[in-house]
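Written out below as structure tokens is the structure these notes cover.
Values quoted throughout were computed directly from the atomic coordinates according to the rules given, and no laboratory measurement underlies them. Just so you know, these numbers come straight off a predicted model, no measurement behind them. When we count neighbours, we look across all protein chains shown, and the Cβ atoms used for this are built from the backbone with ideal geometry, even at glycine.
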Amino acid sequence: MIYKVRQLSSDDLPAFDALLTLFGDVFEDPASYDERRPRPAYLARLLQRDTFVALAAFEGDQVLGGLAAYVLDKFERERSEIYIYDLAVDAAHRRRGIATALIAELQKVAAQRGAWVIYVQADYGDDPAVALYTKLGTREDVMHFDIPVPARQP
């Protein structure tokens, strides 16, 4: 059977739930994706926003892979960028063009929304991701910093 890629909507909560589980499995970090999973109402609101994009690749009802991306409106020009936050394909279904198809679908979404670029980061040592992104785009070597946010005071 051939897989299909499509954008998830608020009517696709079971598929989005499966995608979250897939991210946890593929990234070997189930705690981040499973322990405090948002309530369905929160996820439905997220999927309705025009600033968030979730795509999934399906074979029948099975989620084989997917991505989550954010649309960022720019301030210096009237345009937006799309940042791929997570992209994963189940290990049993890799090397079938699924990740490339997900990004191709995101390119269509980006064009429809008037975005001027899609960007993604990859970790050093993640050679398959680096090879994929190198094939599809221009590499920039940048540094990434996580700046902690103090706990909110009651």
Close pairs (7 angstrom Cβ cut-off, 6 or more residues apart or separate chains): over 13 Å from A54 (Cα atoms) in the stretch 83-103, of a type in the set (K, R) anywhere: none
Among the residues of the stretch 5-13, are any buried (at least 18 other Cβ atoms within 10 Å of the Cβ), free of Cβ contacts under 8 Å to residues at least 24 places away in the same chain and within 15 Å of the chain's Cα centre (by Cα)? no
Considering each of S9, S32 in turn, give the residue that is touching a helix residue (DSSP H, G or I) at 6+ places or on another chain (Cβ under 8 Å), under 18 Å from Q112 (Cβ atoms) and among the hydroxyl-bearing types (S, T, Y). S9
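Quick check, is Y119 touching an Asp or Glu at 6+ places or on another chain (Cβ under 8 Å) and surrounded by 12 or more Cβ atoms within 10 Å (Cβ to Cβ)?
Values: touching an Asp or Glu at 6+ places or on another chain (Cβ under 8 Å): yes; surrounded by 12 or more Cβ atoms within 10 Å (Cβ to Cβ): yes.
Considered against the rule, which asks whether it is touching an Asp or Glu at 6+ places or on another chain (Cβ under 8 Å) and surrounded by 12 or more Cβ atoms within 10 Å (Cβ to Cβ), Y119 comes out as yes.
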